[in-house]
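Okay, so here's the structure we're looking at.
The values are calculated or read from the model by the stated rules, or taken from the named source; none is laboratory data. Everything numeric in this text was worked out from a predicted model, so none of it was measured. Cβ placement follows ideal geometry from the backbone for every residue including glycine, while neighbour counts extend to all protein chains displayed.
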Amino acid sequence: MRWNPALVRAALAGHSLLGLAFGALIYQICLTGTLSVFAAEFRRWEQPAAPYVTSVSPEGYAHAAAHALGMPGVAEQRVLLVGPKPHFPRFEVRLPQSNGGGYADENGNVIEAVQTPWTDFVVHLHDDLHIPYPWGSLIVGLSGAILLALIVTGVCAHSRIFRDAFYLRRGGSEQLSEADLHNRMSVWALPFHATVALTGTILALVWIVAPLLLPLGYDGDVRRAMTELIGPQPLAQERDPSALPDITSLIRKIETDHAPAKVNMVDINQAGTMGQLLRISATAPADLTRGEDYYFAADARFIASGGYAAGPVAKQLIGALTPLHFGTFGGFPIRLIYGVLGIALCAICATGINIWLIRQRNRGRSSEVWARVWTAVVWGQPLALVLSATGAGFGSSSLPLLYVVFTLLTIFISTIVPLQRLRSLLIGVTAAGVASVIIAHIFVHGLRPTDPIAPVVNAFLAMTVLALTWMARRT
Amino acid sequence: MAIITTGLVALTFIVGCWAMRKAWLGSRRQMYAGVSFASLLLGVGIAVSDFGAELGIPIAISAFAPVALLVVALGRTVRAPIRRIVRAAPAQSRNIPFSDTARMLAAVMLTVPITLAIGGALVVLLPFEAQTRVVVTLYLLPLLWACAIAWAISATKVRSVVIAGAGILSVCMAVLLPKLA
């Protein structure tokens, strides 16, 4: 089976152009996305002394809600109680409008504030590049669409997609070697690349395109649209004070009626008012969804369920978005696979530009400057993230600024260090940076802190140091 | 439990991919193709029986990619490096020409209104209830945008892209005008 040669040429030209223009941006988003897959583990590692909570009783949720409402300045706010998950044994009380709350014990008493600045920074960088809404989301959404376009043009340009399916030639021609690596990783992991690009684009752009689509779909009735798509909305005009509904019995009823589902989140919108709306989320173990929501009014009357687990197709499609993007649908093994394939996607970005650079060099159009800059991007980004982690350890409050400075610094270094030494230098410094992060973590939190994940993450980081050192020496 | 099942699925996939590679290499093609098909089917079956179809199929698809890459990596061939032929480089390195930059910008920016117009038309025209129309369109929009970018950037003549884009935009606006009025 052979593709039309004209189509292959045109697709390859388009593929190269898109890759060159957006390669660095896509690489950066893939790198932070890969780290974000393990955000829960990094959050636990950053704050290992926080209360270790594996389950919360209905009374614990009720106590936490009452306690949160008693905090000063909380009236008519949103109170979010996020229960523990198998990979994240924390009970978090969030007050989104005042940025208050913290980690609570299993009885619902807030013990300490959430202090995970580096993980928050990385996740935020992946979500919107720390650029104000809507521009950050727009750029991230655009990069997702470009990644999809690269997949389309890549498949069209790969005329020997089946014939070369198992070829991986290392050594020999440098261009062929890089092209084999690029093509094999791209083709065999195609469903993963397409899924994360599609869901990522939707997640980034949903609130930007919704104001255009909803009025068209619902004849201007946006409130009905919001109710049908994301659930019932609180009654903003009913602001007289009211007691909280009996959360304990509501949780018990849900867990009895929908066993083996377990409640893992309580969200009270417009808390403590007559118009308050209670959203209780429970796990849906056999479904491809983040969970099922149950809505209750101020008088504990059941309003509706979200329908993400067993509702209409549209709701199930909405419910599947985040699990498919973050790989949270099959326990740790699937997240690990997402991590591995995320690294592969970063490598695809890197090898794609490498192929172009080698091709240019082979044609006698040597672009040493671009080769250096690209090396600085590929190996400078992990370094900038590691140095940001070091900055977070020293209590720096402006990690985005630190990250930008380190990124510019790596680009500047690329202008003075020869290409042959640049790669090994950046990898070596990254290894040293990771080692210093491990030492600092052990110095601050000890070898065996409360949370058993901390030594595991440190061991993983130590292996990363060894791997990077080996790579730096090999280079 | 998830680890054991995923491990079992991965194991059957390793056999399936290895057999697929053997079939691809050409030795006893039919037998290995049969073994490959049976193993991959067994892997999907294990995932579906343990997690259910809704979770089992995406888990199986996720597990397949790293296993296939592992089999490809194990079958790699290592050759002696070819000595690089150094050609005389021109005095200045070649930059991306302005026309390419303009084409790329045009492909990305011009496709936005076209995609949104198609999205709007789909929300109005799809034969489902409002909720499904909106969500299906939301899923289709990135795909449409990506295909539009891929088409515009690969087109040899920008004029044909502009004409086709204007045509699509006109049809979509004709559909949307009664709603917008």
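A few remarks follow.
- Total residues in region A:62-102, condition over 24 Å from A:LEU461 (Cβ atoms) and either crowded, with 21+ Cβ neighbours inside 10 Å or in contact (Cβ under 8 Å) with a residue 24 or more places away in the chain (or both): 28
- Residue pairs meeting the criteria (Cβ under 6 Å; at least 6 apart or on separate chains; first more than 10 Å from every other protein chain (Cβ to nearest Cβ), in region B:45-61; second of a type in the set (S, T, N, Q) and assigned to a helix (DSSP H, G or I)): B:ASP50/B:THR5
- Restricting region A:21-61 to residues that are assigned to a helix (DSSP H, G or I), of a type in the set (A, V, I, L, M) and out of contact with any Cys (no Cβ under 7 Å at 6 or more places or on another chain) leaves a set whose member that is surrounded by the most Cβ atoms within 10 Å (Cβ to Cβ) is A:ILE29.
- Residue within region A:19-27 that is aliphatic (A, V, I, L, M), at pLDDT below 95 and in the same structural domain as A:HIS158 (by TED's automatic domain parsing) present: yes
- Unmet criterion (only one of (1) assigned to a helix (DSSP H, G or I); (2) over 30 Å from B:ILE3 (Cα atoms)) for A:SER397: (1)
- With respect to being more than 30 Å from B:LEU126 (Cα to Cα), away from chain B (no Cβ under 14 Å), touching a Lys or Arg at 6+ places or on another chain (Cβ under 9 Å) and modelled with pLDDT of 95 or more, A:ALA271 falls outside the description.
- Sole residue being within 11 Å of chain B (Cβ to nearest Cβ) and modelled with pLDDT of 90 or more, chosen from A:LEU250, A:LEU212, A:LEU278: A:LEU212
- Taking first residues from region A:142-169 that are at the interface with chain B (Cβ under 8 Å from one of its Cβ atoms) and among the charged types (D, E, K, R) and partners that are buried (at least 17 other Cβ atoms within 10 Å of the Cβ) and in a helix (DSSP H, G or I), the Cβ contacts under 8 Å between residues at least 6 apart in sequence or on separate chains come to A:ARG169/A:LEU176; A:ARG169/A:SER177; A:ARG169/A:ASP180.
- Single residue of A:ALA197, A:ALA225, A:ALA204, A:ALA210 found to be farther than 21 Å from A:LEU138 by Cα and surrounded by 14 or more Cβ atoms within 10 Å (Cβ to Cβ): A:ALA225
- Filtering A:LEU69, A:LEU31, A:LEU20 for residues that are more than 14 Å from chain B (Cβ to nearest Cβ) and either farther than 24 Å from A:ASN264 by Cβ or out of contact with any strand residue (DSSP E or B) (no Cβ under 9 Å at 6 or more places or on another chain) (or both) leaves a single hit, A:LEU31.
Rundown of residues vs (1) more than 25 Å from the chain's Cα centre (by Cα); (2) modelled with pLDDT under 95, yes/no style:
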residue	(1), (2)
A:THR415	yes, yes
A:LEU419	yes, yes
A:VAL444	yes, yes
A:ARG448	yes, yes
A:ASP451	no, yes
A:ASN458	no, no
A:LEU466	yes, no
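- Selected residue (criterion: farthest from the other protein chains (Cβ to nearest Cβ)) from residues of region A:228-247 that are of a type in the set (Asp, Glu), surrounded by 13 or more Cβ atoms within 10 Å (Cβ to Cβ) and closer than 20 Å to A:ARG78 by Cβ: A:ASP246
- Within region A:237-259, the set of residues being in contact (Cβ under 8 Å) with a residue 24 or more places away in the chain, of a type in the set (A, V, I, L, M, F, W, C) and closer than 29 Å to A:GLN316 by Cβ comprises A:ILE247, A:LEU250, A:ILE251, A:ILE254.
- Scanning region A:364-395 for residues that are surrounded by fewer than 19 Cβ atoms within 10 Å (Cβ to Cβ) and of a type in the set (D, E, K, R), we see that the one that is nearest to A:GLN28 (Cα to Cα) is A:GLU368.
- Selection count where residues are over 17 Å from A:LEU12 (Cβ atoms) and either in a helix (DSSP H, G or I) or not small (Gly, Ala, Ser) (or both), scope region A:157-180: 8
- Candidates A:PHE406, A:PHE394: the one that is within 24 Å of the chain's Cα centre (by Cα) and among the aromatic types (Phe, Trp, Tyr) is A:PHE406.
- Of all residues in region B:104-142 being in contact (Cβ under 8 Å) with a residue 24 or more places away in the chain, within 7 Å of another protein chain (Cβ to nearest Cβ) and over 23 Å from the mean Cα position of the chain (by Cα), the one that is surrounded by the fewest Cβ atoms within 10 Å (Cβ to Cβ): B:VAL124
- Residue match in region A:376-388 (condition: under 30 Å from A:PRO117 (Cβ atoms) and without any contact (Cβ under 8 Å) to a residue 24 or more places away in the chain): no
- All of A:GLY100, A:GLY83, A:GLY108 fail the test of being in contact with a His (Cβ under 7 Å, 6 or more places away or on another chain), small (Gly, Ala, Ser) and closer than 30 Å to A:ALA261 by Cβ, apart from A:GLY108.
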